[in-house]
1. Determine whether residue 138 is assigned by TED's automatic domain parsing to the domain that holds residue 60 and over 39 Å from the mean Cα position of the chain (by Cα).
2. Which residues, taken from region 158-198, are of a type in the set (S, T, N, Q) and surrounded by fewer than 21 Cβ atoms within 10 Å (Cβ to Cβ)?
3. Cβ-Cβ under 8 Å, sequence separation 6+ or interchain: first residue in region 124-148 and of a type in the set (Lys, Arg), partner surrounded by 13 or more Cβ atoms within 10 Å (Cβ to Cβ). Which pairs?
4. Mind listing whichever residues of region 263-305 are exposed (fewer than 11 other Cβ atoms within 10 Å of the Cβ), among the hydrophobic types (A, V, I, L, M, F, W, C) and more than 42 Å from the chain's Cα centre (by Cα)?
5. May I ask you to list the residues in region 203-250 that are among the charged types (D, E, K, R) and either in contact (Cβ under 8 Å) with a residue 24 or more places away in the chain or in contact with a Leu (Cβ under 9 Å, 6 or more places away or on another chain) (or both)?
6. Do any helices (runs of 4 or more DSSP H) entirely within region 271-388 hold 2 or more residues that are of a type in the set (A, V, I, L, M) and under 17 Å from residue 182 (Cα atoms), and if so, which?
7. Can you tell which of 131, 196 is of a type in the set (Ser, Thr, Tyr) and assigned by TED's automatic domain parsing to the domain that holds residue 219?
8. Which pairs do you get when a residue that is farther than 10 Å from residue 367 by Cβ, found in region 1-22, comes within reach of a residue that is surrounded by 17 or more Cβ atoms within 10 Å (Cβ to Cβ), reach meaning Cβ atoms under 7 angstrom, with the pair 6+ apart or on two chains?
Amino acid sequence: MRNKPAVIGLFFILLSVFIALLGYQITPDFTPDANDQILQITNKSPGFTVQMLKRAKNKNVEQTNFFSKMLFGHENPDEMIPINSYHFEETEIIYEEYTGENSGTQKKLPVADVAYPLSVKQPEIATDGNSLTFYDFNEQKITIGISELQQKIEKENIVSKTYHLGTDKFGRDIFSRLIIGVRVSLSVGIVAVFISIFIGILVGAAAGFFRGWVDEVCMWFINVVWSIPTLLLVFAITLALGRGFWQIFIAVGLTMWVEAARIIRGQVLSLREMLYIEAARSLGYSNIRIIGLHILPNVLGPLMVVAAANFASAILIEAGLSFLGIGVQPPTPSWGGMLSENYGYIIGANPFLAIIPGLAIMLMVLAFNVVGNGLRDALDVRTSLGNE
């Protein structure tokens, strides 16, 4: 707690985890992968606001529960049409579609087609004085007054939408994609750290405890893997496993176990000579029990520091792979992929398209690095005694 940067970094990580868990429940664009494309509003600056006409899709959009939406999102039941202005003429709404220019194209739609998903089998709309009669998508007959329908549209179907971080070249909400991208960064870190620590413990503990030829073989294998550039090894594993969400996570994890193995080996080499380990041997405990119950709990400190560093490295490697086009594939939002899509704008009129995901990567990696440094200082007995 004395290390303020580490506390701030931990708060940032916990906030990111909270955002990732809520997911689509807090994103303005709740469609799967935050991929609701509105091509009329591409490359807009942060804070861009536009009036939207929500036109009900003539299809049955399945309703989802709270947790399903939170995890996977759901399809938008409405078609979003950006408009400059609108007015009603009897049974139709006349609107000027937003095109980025001072004036757009005049278009019109039946008011019933805007407010309700119409039947495919019986799309006709009958007018009877001041009322309309039609069938919705579920073949339910609806009779409603024209003025009431107009009021319903003004209240529910005309909305003002603000894009707090702007839009990308496909007209997607950058803020929503940035939030969903948190899941990718945290997921790759968790999977990579789990794989790297698991393999590192197996190899490092075996090398340090048994020594002899086991140590020589393990160290030879560690040195071989250590000598291969990380990105080159990731490329090879990715090509072998194929491109995909989990394949990338596994490939990153399989390249990061060497550091954990070397540190665990060094710790086990020193701990195996301690008196309590000699006592455990004299009591006839098995090697697996000695390693699992008496040695590994005493290397958790250095292991946590390595895990924090590996977490940061995994996020950076995944972002680099996505930037090169061999990481998480579109339309799944990845911060590296967002940076790759928009880096050409960094010297143009819309540099924020690349700056925002780049800044997110930097802050997440920095947070894990400062937390790792804080753990190292907190778990170092000599440092703790010096502070006291």
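The values are calculated or read from the model by the stated rules, or taken from the named source; none is laboratory data. As the structure is a prediction and not an experimental result, all values here were calculated from the model. Cβ coordinates were reconstructed from backbone atoms using ideal geometry, including for glycine residues, and neighbour counts include every protein chain displayed.
1. Working: assigned by TED's automatic domain parsing to the domain that holds residue 60: yes; over 39 Å from the mean Cα position of the chain (by Cα): no.
When the stated conditions are applied, residue 138 does not pass them.
2. Filtering region 158-198 for residues of a type in the set (S, T, N, Q) gives 160, 162, 167, 176, 185, 187, 196.
If the condition is that a residue be of a type in the set (S, T, N, Q) and surrounded by fewer than 21 Cβ atoms within 10 Å (Cβ to Cβ), then 160, 162, 187 are the ones that fit.
3. Going by the 8 Å Cβ cut-off, the qualifying pairs are 141/133; 141/134; 141/135.
4. Those that are exposed (fewer than 11 other Cβ atoms within 10 Å of the Cβ), among the hydrophobic types (A, V, I, L, M, F, W, C) and more than 42 Å from the chain's Cα centre (by Cα): 275, 283.
5. Taking region 203-250 as the starting set, the residues that turn out to be among the charged types (D, E, K, R) are 211, 215-216, 243.
Hits for region 203-250 are 211, 215, 243.
6. Numbers: elements: 275-282, 300-324, 335-342, 352-379, 381-387.
Where helices (runs of 4 or more DSSP H) fall fully within region 271-388 and carry at least 2 residues being of a type in the set (A, V, I, L, M) and under 17 Å from residue 182 (Cα atoms), they are 300-324, 335-342, 352-379.
7. On the way: 131 fails: assigned by TED's automatic domain parsing to the domain that holds residue 219.
When all the criteria are applied, what remains is 196.
8. If the second residue must be surrounded by 17 or more Cβ atoms within 10 Å (Cβ to Cβ), the pairs left are 3/374; 17/186; 19/179; 19/182; 20/182; 20/183; 20/186.
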